[in-house]
Amino acid sequence: MKTLFNPQIAFGGLVQVRSSLLGAIAAAQPNQANATGNTTTFPTQWAVNKLDLDLEANLPNGQWMSSVYAYNPNYARSIIPPS
């Protein structure tokens with residue numbers, strides 16, 4: 001996911017994702033819904049296994065963005081190749 005820079009997002013940490021796209025995916029795959037059967041929040045906690053920062057600190061109005069690669073911590077960690 002791509003988001004505004006947030007210093008609380010860290011490699012190895014958890015992030016909470018809220019997205020209508022995740023709800024659509026869950027509705028298409030009802031067997032993947034969370035334990036409560038709620039398909040609108042499937043899953044919300046993701047573990048960060050790669051974090052790319054685009055911090056244009058020396059440019060006026062520069063970008064401060066994070067690209068976060070994460071996996072569902074209930075399953076095996078995915079391997080992200082270096083970019």
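Of everything in region 43-83, what is touching a strand residue (DSSP E or B) at 6+ places or on another chain (Cβ under 6 Å) and without any contact (Cβ under 8 Å) to a residue 12 or more places away in the chain? Give them in sequence order.
Matches in region 43-83: Gln63 only.
If you scan region 42-69, which residues turn out to be closer than 16 Å to Leu4 by Cβ and in a strand (DSSP E or B)?
Val48, Leu51, Asp52, Leu53, Asp54, Leu55, Trp64, Met65, Ser66, Ser67, Val68
A short reminder: the numbers here are calculations on the coordinates, not readings from a lab. Note that this is a predicted model, so its numbers are computed, not measured. Every residue, glycine as well, gets a Cβ built from its backbone with ideal geometry; the counts of neighbours run over all protein chains shown.
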